[in-house]
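The values are calculated or read from the model by the stated rules, or taken from the named source; none is laboratory data. Predicted model only: the values in this text are computed from it and were never measured. Cβ placement follows ideal geometry from the backbone for every residue including glycine, while neighbour counts extend to all protein chains displayed.
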Amino acid sequence: MAESVLIPKSNSQPVKVKQGQSFWPTLGRWSFILPLLIINLIIVIIPSVFGLLLAFTDWSGYGPINFIGLDNFSKLFQDAIFFKSLSNNLIWTALFLTVPIAVGLLGAYMLSGIKRGQILFRVIFFLPYVFASVVNTQIWRQILHPRVGIGPILADYGIPFLDFPIFGTRETALFAVAFVDGWHFWGFLVILYLAAMTAVDAELYEVARLDGASRFQQFRFVTLPSIRPTLVFTILMITIWSSLVFDYVFIMTGGGPANSSEVMGTYLYQNAFQRFDVGYAASVGVMMSLWVMLAVAGFVYLRRRGWDI
Amino acid sequence: MNRKTLFVLLTLFTLLFGGTISAQEVTTVTWWTEDYVDIDALNALLVEPFNAANPSIKLEVIPQTSLDEAVRTAFAAGSAPDILQTPGASFIGEFVDAGLVYPLSSAAAELGWQEKLLPWAYESGILNGELYSIPLTFESMILMYNKTLFEENGWTAPTTFEELQAIAEAAQAQGINPFGYGNSGFQPANEHVVGVYLNNYAGAENVYAALTGEKSWTDPEFAEAIELLRGHMADVNWFNDSLETWFAYGWNEQWTALSTRESAMMIIGTWGFRGADEFFGETTDEWDWAPIPPFSSNLPEYNYMLATGSTLSVNGQSANPEAAIAVLDFLYSDPARVLQIASGYNYGEFVVPLKFAAEDFPEGTDERIARFYADFGAVTAEGRVGYTTWTFWPADADVQLWQEIENVWYGEMTVETYLANHQAVWDEARADGAVPPIPTR
């Protein structure tokens, strides 16, 4: 019996090719993806491997690179700020897996029920997503400004709950930044969920209505199961993106006050560009990559368990 | 080959290679600078005169957002500019260690830069006996205040800590914050106040001793200085109206607060001259400045903290180091030109630490600014100098100093732990040879 090897196919199902089959047609197929592989090698694989190796060095960003074994990781596991950053990333993930998804689902479901003006609302909801983070942060910095923002204005009318430096208070800084980032992000989810909901077979709703299902029951038993692949995909992406969060935190609080809004991304930046400890920063980066790999592994595991995602 | 073809070929050859030959005769020197500069003014006052005086060199000054990061990235890519601008002398050490900076001692000796520059400023660029950088601008910390508010209340600029305290308490009694300042958008602003409290309470002599390794940062005078700052920041709210507001206020807020009497004073560097006219111009109040008084009765006189705001060096990988040196020499050889450029920033930027004479200042220079530079020259000439963290601290120690102080203010870290951590980072930097040069006191 001839031995066989596996080669990838576009639908990700392996195809068995018998050994002894002509070499040239196989090479011809590979040559089509060769440019992509080369680009991938140059801009993804080599920098990734280099970044991984740097985590075992004391490189400052310039000059000689000395390998120091696991010293960076040993330091990392005793670093209270790193663990604070990690826990903030976890809080961030929990926030983004709940609030924007819930609001996005609600927005999409409500929009799916209207015929006139849907495009207008889609544009309005999506608009913050296309604005640069610098623009969004400046808008909200002014809205929530402790002197000229809505806080002091509301306080004048006897509603004082926002009349304090919301980005300058340890207890609220991370949540305030997450709110601004979530505000810009939820419209993106609305568009994704709306597209998925549009594809749901209308007959399913009709049958549910005939069975006496309420709007909520239609949503719970028809819409949600039908858009599950999209929902799980957004959960996966949010989990990955939450480990990489940087821009909104960096611009609005810089990780402060007193590291209260520090996340792994800002801590990495601080070590690489302020302390000139690129090796240590790379070890933080490795931890971020581990997070992403865990998320992807979970996704793959669920697929192998037969989840339709 | 007929004559017509020969003519065409000759013409093409002349056009192609003639142009190339003449282009090669001009050496381009690139200099990346901060993005807040008025590039049109800089081109008119520096670039065009230099290029006119040096036909074989073409100087190009290019503003960059996040200059330090842009330079670092460019170094990694092998395309850094010929003239390196860094945020301060603390930053040049890493580049020097990596062999990326051109040594300037021989050029400086030949061109007489040591005679032209203020001695401490010249010395701040020497690492391991070799000159690697020269300050582009020098600064000091001062006390700016709302002069109109002071006059209406019969207050005068404080010369002792007791006077400062009396004004602070009187201001607070009227609902006015003693100081307006904050770190929103620039977390290292923390170090401005930490440095002032270290120098003005523990004393510059002690700071110098700690910088040179003769004292420990854990010594009681430093602990008392940091505790005094912590109390002012977190207990009595001298800075804005709460610790939280410190993190919410930035450049615009702090100036608005001072010019609208929300606050009475501001501890700030001389770069503050840049904002004074702009913000007070929108009110009927006037501003003024004073030296920061000593915070301890053990210190009889005020001094001025020394600081280089930015430094200039020549890229060690530059193909044209001599041309880059010619640019630096053009700048350092003309005090009047320097002051003309600096006047565009109300003397808050581009104040190259040259030995200025009174006549170098353009006519009509603001009396308050001229008074500062005259007093700074006289006082520092007597050796009454302090030390700013961003000039004389190693980068890692500097970051620890301005970062962990927030934990001290919030009571999450004791003063003792903060200073012990600081000493530990210093020990590491000293062992690595990463301590910036400290001018002999």
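General observations
- B:Ala434 passes every criterion in (1) part of a helix (DSSP H, G or I); (2) at the interface with chain A (Cβ under 10 Å from one of its Cβ atoms); (3) under 20 Å from A:Ser60 (Cβ atoms) apart from (1).
- Selected residue (only one of A:Ile251, A:Ile240 is more than 11 Å from every other protein chain (Cβ to nearest Cβ) and in a helix (DSSP H, G or I)): A:Ile240
- Region A:106-119 residues that are of a type in the set (A, V, I, L, M, F, W, C), paired with ones that are surrounded by 12 or more Cβ atoms within 10 Å (Cβ to Cβ) (beta carbon under 6 Å, 6 or more apart): A:Ala108/A:Val190; A:Ala108/A:Tyr193; A:Ala108/A:Leu194; A:Ala108/A:Met197; A:Leu111/A:Gln118; A:Leu111/A:Phe121; A:Leu111/A:Leu194
- Any hit, region A:289-307, residues being at the interface with chain B (Cβ under 10 Å from one of its Cβ atoms) and touching a residue at least 40 places away in the same chain (Cβ under 8 Å): no
- Matching residues, region B:72-99, being under 19 Å from A:Asn271 (Cα atoms), within 11 Å of another protein chain (Cβ to nearest Cβ) and aliphatic (A, V, I, L, M): B:Ala76, B:Ala98
- Residue that is farthest from the other protein chains (Cβ to nearest Cβ) [pool: residues in region B:361-392 that are assigned to a helix (DSSP H, G or I) and of a type in the set (Asp, Glu)]: B:Asp375
- A single member of B:Asn206, B:Asn183, B:Asn177, B:Asn200 is under 18 Å from B:Ile292 (Cα atoms) and within 14 Å of chain A (Cβ to nearest Cβ), and it is B:Asn177.
- For region B:36-79, the tally of residues that are farther than 23 Å from B:Leu339 by Cα, surrounded by 17 or more Cβ atoms within 10 Å (Cβ to Cβ) and more than 22 Å from the chain's Cα centre (by Cα) stands at 3.
- Only one of A:Gly51, A:Gly28 that is more than 14 Å from every other protein chain (Cβ to nearest Cβ) and either farther than 30 Å from B:Phe91 by Cα or outside any loop (DSSP other than H, G, I, E, B) (or both): A:Gly28
- Elements of type helices (runs of 4 or more DSSP H) contained in region B:52-134, each with 3 or more residues being at pLDDT 90 or above and more than 27 Å from B:Ala41 (Cα to Cα): B:105-111
- Output for region B:412-429, where each listed residue is of a type outside the set (A, V, I, L, M, F, W, C) and modelled with pLDDT of 95 or more: B:Thr414, B:Glu416, B:Thr417, B:Tyr418, B:Asn421, B:His422, B:Gln423, B:Asp427
- In region A:167-178, residue farthest from the other protein chains (Cβ to nearest Cβ) [restricted to those that are crowded, with 24+ Cβ neighbours inside 10 Å and more than 22 Å from the chain's Cα centre (by Cα)]: A:Phe167
- Number of positions in region B:100-114 that are in contact (Cβ under 8 Å) with a residue 12 or more places away in the chain and away from chain A (no Cβ under 14 Å): 8
- Restricting B:Ala189, B:Ala209 to residues that are farther than 28 Å from B:Trp246 by Cβ, in a helix (DSSP H, G or I) and of a type in the set (A, V, I, L, M) narrows the list to B:Ala209.
- Only listed residue being crowded, with 18+ Cβ neighbours inside 10 Å, part of a loop (DSSP other than H, G, I, E, B) and not basic (Lys, Arg), chosen from A:Pro160, A:Pro64, A:Pro146: A:Pro146
So that you can scan it fast, the table gives a plain yes or no per residue for (1) over 18 Å from the mean Cα position of the chain (by Cα); (2) more than 30 Å from B:Val314 (Cβ to Cβ); (3) crowded, with 21+ Cβ neighbours inside 10 Å; (4) assigned by TED's automatic domain parsing to the domain that holds B:Pro335:
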{"site": "B:Ser90", "(1), (2), (3), (4)": "no, no, yes, yes"}
{"site": "B:Ala108", "(1), (2), (3), (4)": "yes, no, yes, yes"}
{"site": "B:Leu111", "(1), (2), (3), (4)": "yes, no, no, yes"}
{"site": "B:Thr148", "(1), (2), (3), (4)": "yes, yes, no, no"}
{"site": "B:Asn153", "(1), (2), (3), (4)": "yes, yes, no, no"}
{"site": "B:Glu163", "(1), (2), (3), (4)": "yes, yes, no, no"}
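- Region B:212-257 - residue that is among the β-branched types (Val, Ile, Thr) and within 14 Å of chain A (Cβ to nearest Cβ) and, of those, surrounded by the fewest Cβ atoms within 10 Å (Cβ to Cβ): B:Thr256
- Test result for B:Pro178, within 22 Å of B:Glu301 (Cβ to Cβ) and either outside any helix (DSSP H, G or I) or outside the structural domain of B:Gly269 (by TED's automatic domain parsing) (or both): no
- Residue within region B:348-356 that is within 26 Å of B:Ala257 (Cα to Cα) and either in contact with a Gly (Cβ under 8 Å, 6 or more places away or on another chain) or of a type in the set (D, E, K, R) (or both) present: yes
- Residue pairs meeting the criteria (Cβ under 8 Å; at least 6 apart or on separate chains; first within 7 Å of chain A (Cβ to nearest Cβ), in region B:393-406; second of a type in the set (A, V, I, L, M)): B:Ala395/B:Ala434; B:Asp396/B:Val425; B:Asp396/B:Ala429; B:Asp396/B:Ala434; B:Glu406/A:Ala258
Residue-wise test of (1) under 30 Å from A:Leu224 (Cβ atoms); (2) free of Cβ contacts under 8 Å to residues at least 40 places away in the same chain; (3) under 17 Å from the mean Cα position of the chain (by Cα); (4) within 14 Å of chain B (Cβ to nearest Cβ).
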| site | (1), (2), (3), (4) |
| --- | --- |
| A:Gln138 | no, yes, no, yes |
| A:Pro146 | no, yes, no, yes |
| A:Gly158 | no, yes, no, no |
| A:Val180 | yes, no, yes, no |
| A:His184 | yes, no, yes, no |
| A:Leu194 | yes, no, no, no |
| A:Met197 | yes, no, no, no |
| A:Ala202 | yes, yes, no, no |
| A:Tyr205 | yes, yes, no, no |
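- Residues of region B:118-146 that are over 15 Å from the mean Cα position of the chain (by Cα) and within 30 Å of B:Asn240 (Cα to Cα): B:Leu143, B:Met144, B:Tyr145, B:Asn146.
- You will find that of B:Ala276, B:Ala307, B:Ala319, the residue that is touching a strand residue (DSSP E or B) at 6+ places or on another chain (Cβ under 6 Å), away from chain A (no Cβ under 14 Å) and farther than 30 Å from A:Ala258 by Cβ is B:Ala276 and no other.
- Matching residues, region A:50-73, being free of Cβ contacts under 8 Å to residues at least 24 places away in the same chain and farther than 30 Å from B:Val101 by Cβ: A:Gly69, A:Leu70
- Subset of region B:281-311 that is free of Cβ contacts under 8 Å to residues at least 60 places away in the same chain and out of contact with any Lys or Arg (no Cβ under 9 Å at 6 or more places or on another chain) - its residue that is nearest to B:Gly203 (Cα to Cα): B:Pro300
- Test for B:Asn183: is it under 23 Å from the mean Cα position of the chain (by Cα) and not in a helix (DSSP H, G or I): yes
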